[in-house]
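These notes concern the structure reproduced below.
The values are calculated or read from the model by the stated rules, or taken from the named source; none is laboratory data. Being a predicted model, the structure only gives us computed values, none of them experimental. Every residue, glycine among them, receives a Cβ derived from its backbone with ideal geometry; neighbour counts consider all protein chains shown. To get the accessible areas, we keep the full protein, side chains included, count just its heavy atoms, and leave off ligands, DNA and RNA. Shrake-Rupley method; radii C 1.70, N 1.55, O 1.52, S 1.80 Å.
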Amino acid sequence: MMDSARLAANLDALAQVDADLAARVKAFGLPAERILQTASGAVTLSATTESGREALLHSRNDPVGEARSQVARATTEGISGLLVYGLGAGYHVQELLSRLPLVCRVAVFEKSIESLCIALALHDWAEMIRTGRLMLLVDLSKPAIIQRLGQYTLNFFAKTEVFAHPASWAAFPAYYGGVRKVVEEFFAYARMNLHTLAELSKITMMNVCLNLSSYVFAPGVKDLAGAAAGRPAILVAGGPSLTRNIDLLGEAAKGAVVISVPTVFRTLLDRGVVPDFVTCLDYHKISAKYFEGFETPPPVTLICDPKVSYAVVDTYPGPKRFFNHPFLAAVLKDADFDKGTIRWGATVAHLSLYLAEFLGADPIILVGQDLCYPYGITHMPGTAIHENWVPEFNRFSTFEMKEWETLLRVRPILRRAVDLDGSPVYTDEQMFTYLVHFEEDFLKMRAKVIDATEGGLPKQGTTRMTLADAIRTYCQTPFPREKIAPPAPPEGGVDEIRSRTLSALQRQMRDFEEVGRYYAEVLSILGEIHEKLSRGEDASSLIRKVREEAKKIDAFKETHKLVAGLAQPDEFRRIKADLEMATVPAAGLERQKRELARDRAYLGGLANACEILKAYLKLPLERLEGRSGGPPEALLASGGETASACPS
């Protein structure tokens, strides 16, 4: 039966995780005209379908029995995630929750606030809503759905099933079909994120360590906070549409901050457009080609994410600024280097957006941000990428053929899309992931975001405008560039900065040595436990010894955290093993063996990551001491499976 106290308790819990949805339900109230009594005493409810007819969402005789029958055919054992299309009065959801493992996250998509209000009055879900076991997603935008599902990515990737409520889907096929498409996009987006994080963590950490010796001497970004408050910023990317309006940027630059990505940096300079900043974060040393060949240092500040390829930092002759990185902040905490904090970007275009946000710019104007392949072209002709192709051009290898080859290389991840003008275009999973990131960011930003790309994919959260109109509206007042000029050299002489840095690095190396010894000792004990369990012998004394050893790590929590940060793939495998043990439980000796296998694999990954970090930290030590340690790429051959590099 429906209960107002139950509804209130559920709404209180919902307000803690989705205050907007809770407020919408409270404002709506129970729709009495949709509620019908059945012969069994339970209620059913009616709905006006997409075709305009009235339909019942549950049995008119026994809704609870119907739900049991529907759920009996669903897979509920051994899963860690469940996607439910259609809530209705929630009978099937209640039945599913009673059968699912406690670790399983259930995401329910519903079109109607009316249905949600009724379901919350019928079922005691407050604790499950509060803990995130049950997520109620009602009529959300694509970025919001992806953000909510992303909170439990590993649950949904371990093992997920789908349950489509028959009556809800029949009543609203277009709506739930659209939601299903967004869910598919979430999996593509999350798959790309997990792949990037797992595959590039090693080479990223190598770059961070190699850049440390530049990081400590270069200025930060703290003084740039709010430097362009209320003034426009133009973010220039290298998409094909830039051809239409690149010549307008010279005029626009007089009244706006101009931020460029590396691919189009030289092209802008060749056209007489001098950006204020160029951002960089690409991990591969081939990115250094964008910054080679300057006879004189350009007056453009390079904004360096510390994880950018060390070759970029070493090559660029102009002014540079760094911002904080958590690994460097931890390693150098005793040396007091605060560079200022800018949000991390998935791409240089995202970093440009976050830099504009940090500057306080408003509006933020996007140019050349296509995020697709219009006419089968990847970048604006004449950019650095195309210049790299020039030596390969001949009558058998033309510009068009090179573009076609590029598309063929990404063919497995190509996907069809529709551009701003309604024309079909190709994009790929990677660029789609970038679009999702952008749309999440746009919805949260205080600044107005103007899409002046004049092509490419539509972007939720932006205002569409031509660049010419944006310039006339926002860029007529000259921008005072002295506010963003490179600062004076950092306080403290070179020798003093070097001394502080060396002292901090030497302390951290000692901590890594201690933690490495701890990992080795515990791994040895786990090996002994494995031998005893294999022989069917009691290992309780050794298990107690492991617990005693675990207390030693408390003295090195920060160092252990740094190691775990590099061992992300091992962390994912450990979490997946935990989910599998929770969804397919075992007892006694079998459970001990599974827990032991999990712990040995994870600790082995930590030990490996610790050795990698020790090797990487030797690189800045040698640089600061004036010694050369040989080609750093040689280190990428070490470290085994943990965080293996995957240049692409």
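Please state the shape class of segment 275-316: rounded when a/c is under 1.5, otherwise prolate if a/b exceeds b/c and oblate if not, all from the C-alpha gyration tensor.
Judged from the Cα gyration tensor, segment 275-316 comes out oblate (a/c at least 1.5, b/c at or above a/b).
Determine the sum of side-chain charges near K552: Lys and Arg each +1, Asp and Glu each -1, restricted to other residues whose C-beta is under 14 angstrom from that of K552.
Residues near K552 contribute -2 overall.
Once you place label points 7 Å from the Cα toward the Cβ at K561 and I543, how far apart are they in nm?
3.1 nm
Please work out the Cα convex hull volume for segment 82-202 and give it in Å³ per residue.
Cα convex hull per residue, to the nearest whole number: 104 Å³.
Would you mind computing the Rg to Rh ratio of segment 170-309 from its alpha-carbon coordinates, Kirkwood style for Rh?
With Rg and the Kirkwood Rh in hand, the quotient comes to 1.08.
Report the trypsin sites (Lys or Arg not before Pro) located in segment 290-379 that are in a DSSP loop and have at most 13 other Cβ atoms inside 10 Å of their Cβ, or state none.
Here the trypsin sites (Lys or Arg not before Pro) that fit, given the DSSP loop and packing criteria, are R343.
Any idea of the accessible area per residue across the chain, 1.4 Å probe, to the nearest Å²?
Here the per-residue accessible area is 44 Å².
Going by average Cβ density within 10 Å per residue, which order do the peptides 129-139, 522-532 take, highest to lowest?
Top of the packing list down: 129-139, 522-532.
Just by accessible area at a 1.4 angstrom probe, what is the order of V348, V418, V84 from largest to smallest?
Result, largest first: V418, V348, V84.
All other residues with a Cβ under 12 Å from the Cβ of C209 taken together, and with Lys, Arg as +1 and Asp, Glu as -1, what is their net charge?
Details: positive: K202, K307, K614, K618, R623; negative: E622.
That sum, taken over residues with Cβ under 12 Å, equals +4.
Over what distance in Å are the Cα centres of segment 276-342 and segment 49-120 separated?
Segment 276-342 and segment 49-120 have Cα centres spaced 52 Å from each other.
When only DSSP loop residues count, what GluC sites (Glu not before Pro) in segment 21-82 have their Cβ near at most 15 other Cβ atoms within 10 Å? Working shown, then result.
On the way: sites: E33, E50, E54, E66, E77; in loops: E50, E77.
Passing both the DSSP loop test and the Cβ count: E50, E77.
222 nm [θ] for the chain, helices only, -39500 (n - 2.57) per DSSP H run of 4+, per residue, to 500?
It comes out at -15500 deg cm²/dmol, rounded to the nearest 500.
Choose one of I484, I129, G220: the residue whose Cα lies farthest towards the positive end of the charge dipole of the chain (beta-carbon charges +1 Lys, Arg; -1 Asp, Glu; about the Cα centre).
I129
With Cβ to Cβ distances under 14 Å as the rule, what net charge do the other residues near E185 carry (K, R +1; D, E -1)?
Residues near E185 contribute +2 overall.
Taking one equal scatterer on every alpha-carbon of segment 256-383, how large is log10 of I(q)/I(0) by Debye at q = 0.21 1/Å?
Cα-only, vacuum Debye calculation for segment 256-383: -1.38.
Measuring from a point 7 Å past the Cα of E496 along Cα-to-C-beta, which residues in segment 315-343 have an amide N at less than 17 Å?
334-338
Gain in length, M401 to D334, computed as 0.36 nm per residue apart minus the alpha-carbon separation, to one decimal in nm?
On the way: separation 67, 0.36 × 67 = 24.12 nm, distance 5.46 nm.
18.7 nm is the gain from fully extending M401 to D334.
Got a number for the accessible area of F294? Probe 1.4 Å, square angstrom, nearest 10.
50 Å²
What does the accessible area of D223 come to, in Å² to the nearest 10, when a probe of 1.4 Å is used?
For D223, the solvent-accessible surface is approximately 80 Å².
Work out the charge dipole of the chain with +1 on the Cβ of Lys and Arg and -1 on the Cβ of Asp and Glu about the Cα centre, then indicate which of L621, F322, T463 is farthest towards its positive end.
So the residue we want is L621.
For A229 paired with R191, estimate the spin-label separation in nm (one decimal), with each label point 7 Å from Cα along the Cα-to-Cβ line.
4.6 nm
Projected area of the chain, taken from the Cα convex hull and averaged over every viewing direction, in nm²? Show your work: numbers first, answer last.
Values: hull surface 139.5 nm².
Projected area, direction-averaged: 34.9 nm².
Taking a ≥ b ≥ c as the square roots of the eigenvalues of the Cα gyration tensor of segment 74-127, is the shape rounded (a/c under 1.5), prolate (a/b larger than b/c) or oblate?
prolate
From largest to smallest, what semi-axes in whole angstrom does segment 479-540 give when each is the square root of 5 times an eigenvalue of its alpha carbon gyration tensor?
Ellipsoid half-lengths, sorted descending, are 54, 17, 5 Å.
Nearest 20 debye, what's the magnitude of the dipole of the chain about its Cα centre given +1 on Lys and Arg Cβ and -1 on Asp and Glu Cβ?
For the chain, the charge dipole is close to 480 debye.
How large is the accessible surface of S499 in square angstrom, using a 1.4 angstrom probe and rounding to the nearest 10?
Near enough 70 Å² of accessible area.
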